[in-house]
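Some notes on the structure that comes next.
The values are calculated or read from the model by the stated rules, or taken from the named source; none is laboratory data. Fair warning: this is a prediction, and the values are worked out from it, not measured in the lab. Glycine gets a Cβ as well: all are built from the backbone with ideal geometry, and neighbour counts include every protein chain shown.
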Amino acid sequence: MAETSFDVIVIGAGPAGYPCAIRAAQNKLKVACIDEWKNYDGSYAFGGTCLNAGCIPSKALLESSELYHRAQVEFAAHGIRAAGVEIDVATMQKRKAHIVKTSTQGITGLFKSAGVTALQGHGRLLAGHKVEYTAADGTKQELTAKHVVLASGSSPMELKSVPFDGKTVVDSWGALEFTEVPKRLGVIGAGVIGLELGSVWRRLGAEVVVLEAMEQFLFIADQQVAKEALKHFKKQGLDIRLGAKVSGAEHGKGGVTLHYADGAGEKSVTVDKVVVAVGRRPFTTGLLGTDTGIELDERGFIKVDHECRTGATNVWAVGDVVRGPMLAHKGKEEGVVVADLIAGLTAEVNYRTIPSVIYTAPEIAWVGQTEEQVKASGRPYKVGSFPFMASGRARAMEAPAGFAKVIAATDDDEILGVHVIGPMAGELIAEAVLAMEYSASTEDLQRTIHAHPTLSEALHEAALAADKRAIDFPNK
Ligand code: FAD
Ligand code: AMP
């Protein structure tokens with residue numbers, strides 16, 4: 001590589017790092033982005049966890065498995081006879097791999113058109129915002145930069161008592177690569193990732209047992225939504241066992257026996273494959289040289305301030321490797337904001353309006369506070385909700401499960417939180433995010449015209465219901 005001096009070097013090309021590099025280049029800065037992601041076949045690929053082993057492949061499989069499931073349980077209601085529907089896992093996986101490849105190659109193209117120097121290999125921060133770059137062939141080079149952005153992401157947590165073996169006990173990436181539907185699948189952890197992956201393989205025919213240590217289901221979500229979700233997931237055949245803390249695994253001829261304890265005592269369940277989905281931890285292995293001035297907190301996250309500045313001059317950190325929700329869009333926003341701040345522009349991440357989405361069926365999405373959080377804050381509030389059962393569009397889609405819920409302050413009508421469980425919830429929540437970004441009131445939503453018949457009317461009606469003015473459902 002001829003060039004060794006840059007305005008900005010970004011380490012990591014996941015959804016936090018690559019947008020940061022592109023925005024910095026748009027800001028007329030000279031930028032390099034280094035990434036070491038390698039696929040199972042040993043090939044390098046940009047895009048990080050999200051594109052290679054997270055958001056994108058999981059959504060590809062969720063789509064395929066949902067179509068298969070709907071063909072079996074829903075087509076008949078439409079009068080479509082589709083006897084003998086079969087799943088061809090190899091083709092499904094090939095489609096997923098193609099989507100992933102197109103996405104990751106797309107980043108190479110984006111780097112090229114933005115003028116970002118794309119480097120595949122390892123980056124290590126040295127003191128004085130220098131970077132040591134180790135290329136694929138092992139050659140090392142010292143690069144200099146005015147600013148360095150650390151975007152090294154996260155990795156799956158392992159359970160010491162149930163270690164990964166890459167074959168029978170796998171992490172979330174492994175669970176996206178199964179070549180056949182396991183007969184019995186054990187999922188440890190009923191978080192977002194565990195529920196999405198459990199749903200994929202359940203829809204394809206696996207018997208799925210989900211073991212979750214906490215008594216409360218989906219504690220991060222509004223509990224009215226969580227209750228509704230649990231009802232539907234159980235109906236779909238996901239055997240979700242709450243308060244079930246896994247303590248060990250025994251491999252035998254008949255499969256893997258997972259030992260767990262719940263309120264009633266010691267129990268066990270035998271399965272063919274196990275997905276450990278107990279969370280992710282910040283990834284900083286090999287990232288930091290000596291005397292860089294970077295500090296990690298007690299959980300291993302790189303310490304940053306509200307603008308993603310680390311303790312070291314001109315070194316920034318964004319995405320999963322810093323505090324906050326481990327979400328691709330959170331990292332992207334931080335990356336873009338940091339690139340603007342480096343260029344001297346005004347920019348800020350609004351951490352109060354980061355949406356969360358769980359891509360199950362029904363889909364779950366929310367922004368802002370849950371009802372439990374609003375209640376705990378002591379601020380007087382009102383709630384409006386609207387069931388999709390009362391939405392003509394949802395019924396036409398054969399998707400009447402769930403509801404939209406708007407929580408607003410009683411005093412000034414400010415929207416404090418919006419929660420949707422139902423069809424296309426992840427798309428519907430965008431309206432609520434925009435509303436909250438502009439500090440909208442429920443009256444603003446109420447006076448906004450929503451096309452008929454659309455799913456978005458559910459949000460409109462929920463806003464109206466907050467003032468007992470819903471039209472299409474009796475007000476309580
Ligand atoms: P990463 O995507 O982890 O990227 C970091 C990159 O840096 C990697 O390529 C890594 O190889 C590279 N790197 C690390 N250290 C070095 C180094 N020293 N030198 C060079 N390169 C280095 N989030 C959502 O918002 N929506 C979803 O639907 C969603 N689904 C998910 C499904 C699954 C199964 C999983 C596992 C995660 C999912 N996530 C989802 C989370 C999302 O993937 C992460 O929040 C996101 O990838 C974080 O982005 P990042 O850029 O911070 O880190
Ligand atoms: P998340 O952090 O959202 O990915 O969710 C991970 C889930 O795994 C959390 O709900 C944890 O309570 C759960 N979990 C962690 N350790 C165990 C364990 N040993 N047995 C069962 N569930 C666990």
### Query
Among (1) more than 16 Å from ligand 1 (Cβ to nearest atom); (2) in contact (Cβ under 8 Å) with a residue 60 or more places away in the chain; (3) buried (at least 19 other Cβ atoms within 10 Å of the Cβ); (4) closer than 21 Å to residue 168 by Cβ, where does residue 248 come up short?
(3)
#### Entry: Test result for residue 52, surrounded by fewer than 16 Cβ atoms within 10 Å (Cβ to Cβ), touching a helix residue (DSSP H, G or I) at 6+ places or on another chain (Cβ under 7 Å) and in contact (Cβ under 8 Å) with a residue 12 or more places away in the chain
no
#### Entry: Meets criteria (more than 30 Å from residue 132 (Cα to Cα), surrounded by 15 or more Cβ atoms within 10 Å (Cβ to Cβ), away from ligand 1 (no atom under 14 Å from the Cβ) and at pLDDT 95 or above) for residue 69
yes
## Note on the structure
Over the range 268-282, the set of residues surrounded by fewer than 18 Cβ atoms within 10 Å (Cβ to Cβ) and more than 11 Å from ligand 2 (Cβ to nearest atom) is 268, 270, 272
### Query
For the range 356-378, what are the residues that are outside any strand (DSSP E or B), crowded, with 19+ Cβ neighbours inside 10 Å, touching a residue at least 60 places away in the same chain (Cβ under 8 Å) and away from ligand 2 (no atom under 16 Å from the Cβ)?
361, 362
### Subset of the range 310-332 (residues that are more than 11 Å from ligand 1 (Cβ to nearest atom) and crowded, with 18+ Cβ neighbours inside 10 Å)
310, 312, 315, 316
#### Entry: Matching strands (runs of 3 or more DSSP E) fully within the range 379-451 where at least 3 residues are among the small types (Gly, Ala, Ser)
403-409
## Note on the structure
Of the residues in the range 138-172 that are charged (D, E, K, R) and within 16 Å of ligand 1 (Cβ to nearest atom), the one that is farthest from residue 188 (Cα to Cα) is 142
### Query
Inside the range 287-307, can you point out the residues that are touching a residue at least 60 places away in the same chain (Cβ under 8 Å) and surrounded by 13 or more Cβ atoms within 10 Å (Cβ to Cβ)?
287, 288, 289, 292, 293, 294, 302
